[in-house]
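The values are calculated or read from the model by the stated rules, or taken from the named source; none is laboratory data. What you see is a predicted model; the values in this text were computed from it and never measured. Positions of Cβ are generated from backbone atoms using ideal geometry, with glycine treated the same way; all protein chains shown enter the neighbour counts.
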Amino acid sequence: MKVISLINQKGGTGKTTSAVNIAGRLKMLGKKVLLVDLDYQRNLTVSITGEEFENTIFNVMANRVPISEVIHNANGFDLIPGDIKMRKLEKEIEDRVFKELILSKSLNKIKENYDYCIIDCRPDMELKEKNALIASDLILVPTQPQLYSLEGLDILQGFKEEIELEMEKKIPLKIFCTMVNTRANNPMEIIDYLKNEYEGVMDSFIRHTVKLQEAPNERKTIFESDPKGNGAKDYTQLVEELMHGGWI
């Protein structure tokens, strides 16, 4: 099982939308995918299902139940739901040893059951995000092609490098742009700037479409709500680039 974390220190960059639609595309390709909602705002969970869950990611991280008991089938996805109690996680586990490895060890127990695990992270650089990055085989960073959205990239790079030094392992990182207005010159200039300034910037990008904003309200992937539209084409191309490059 390959573990992919979607994260950016800046909020509103399309992490949840990307998590759902990358998972949706992989599922269309016959892959077994697990989604993990690590954000206490539960955006990933809400975008997939209106259900409330008793067993969530918090129960795993707080060592209350095994991970197998918090996996729910929701609208065609295997999902570990988010939980508002994740706000209190650090206090809950402050006395645990190796607390930064909780998620990695838990996911390792089910690694034979899935091809991919996709983790939707909060725009934070705290213990839960550290758990996610340590567990990851790939970090995916969606970012808007706007200068203020790029500020979080250097913070994330520093956070990643600290983890790599501590764990003595390299974690590949790929950056892709979202909400791109191809009719404007500025976004394309910023994409070129990104490619010059940062390693791992992808050729694929996600165009701004109303359908991508509407799909979560219908609890559908873009492939279900608008299969022939630009959003579906862009996420198809993104997944193809990741697969052909050997990143996933």
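Only a single item in (1) of a type in the set (Val, Ile, Thr); (2) under 19 Å from the mean Cα position of the chain (by Cα); (3) modelled with pLDDT under 90 is not met by THR182, and it is number (2).
None of GLU161, GLU199 is in a loop (DSSP other than H, G, I, E, B), without any contact (Cβ under 8 Å) to a residue 40 or more places away in the chain and either closer than 30 Å to LYS27 by Cβ or not aliphatic (A, V, I, L, M) (or both) except GLU199. Screening the range 198-224 for residues that are of a type in the set (Asp, Glu) and surrounded by 12 or more Cβ atoms within 10 Å (Cβ to Cβ) and picking the one that is farthest from THR45 (Cα to Cα) gives GLU224. Residues being surrounded by 14 or more Cβ atoms within 10 Å (Cβ to Cβ), of a type in the set (Phe, Trp, Tyr), outside any loop (DSSP other than H, G, I, E, B) and under 20 Å from the mean Cα position of the chain (by Cα) are represented in the range 229-240 by at least one member. If you filter the range 216-248 down to residues that are in contact with an Asp or Glu (Cβ under 7 Å, 6 or more places away or on another chain) and over 17 Å from VAL141 (Cα atoms), you find that the one that is modelled with the highest pLDDT is ALA232. If GLU197 satisfies every condition in (1) in contact with a helix residue (DSSP H, G or I) (Cβ under 8 Å, 6 or more places away or on another chain); (2) closer than 19 Å to LEU140 by Cβ but one, which is the exception? Condition (1) is where GLU197 drops out. Suppose the filter is over 24 Å from GLY245 (Cβ atoms), out of contact with any helix residue (DSSP H, G or I) (no Cβ under 7 Å at 6 or more places or on another chain), assigned to a helix (DSSP H, G or I) and at pLDDT 95 or above; does GLU189 pass it? No, not satisfied.
Inside the range 133-153, residues that are surrounded by fewer than 21 Cβ atoms within 10 Å (Cβ to Cβ) and more than 18 Å from the chain's Cα centre (by Cα) make up a count of 4. For the residues LYS88, LYS10, LYS27, the requirement of being at pLDDT below 95, in a helix (DSSP H, G or I) and either of a type in the set (Lys, Arg) or over 18 Å from the mean Cα position of the chain (by Cα) (or both) singles out LYS88. Counting only residues that are β-branched (Val, Ile, Thr), touching a helix residue (DSSP H, G or I) at 6+ places or on another chain (Cβ under 8 Å) and in contact (Cβ under 8 Å) with a residue 24 or more places away in the chain, the range 52-89 holds 5 of them.
Among the criteria (1) without any contact (Cβ under 8 Å) to a residue 12 or more places away in the chain; (2) exposed (fewer than 14 other Cβ atoms within 10 Å of the Cβ), the one GLU126 does not fulfil is (1). Scanning the range 30-59 for residues that are part of a helix (DSSP H, G or I) and not aliphatic (A, V, I, L, M) yields ASN43, THR45, SER47, PHE58, ASN59. Only one of the listed residues (ASN75, ASN59, ASN63) is loosely packed, with under 14 Cβ neighbours inside 10 Å and out of contact with any strand residue (DSSP E or B) (no Cβ under 6 Å at 6 or more places or on another chain). That residue is ASN63.
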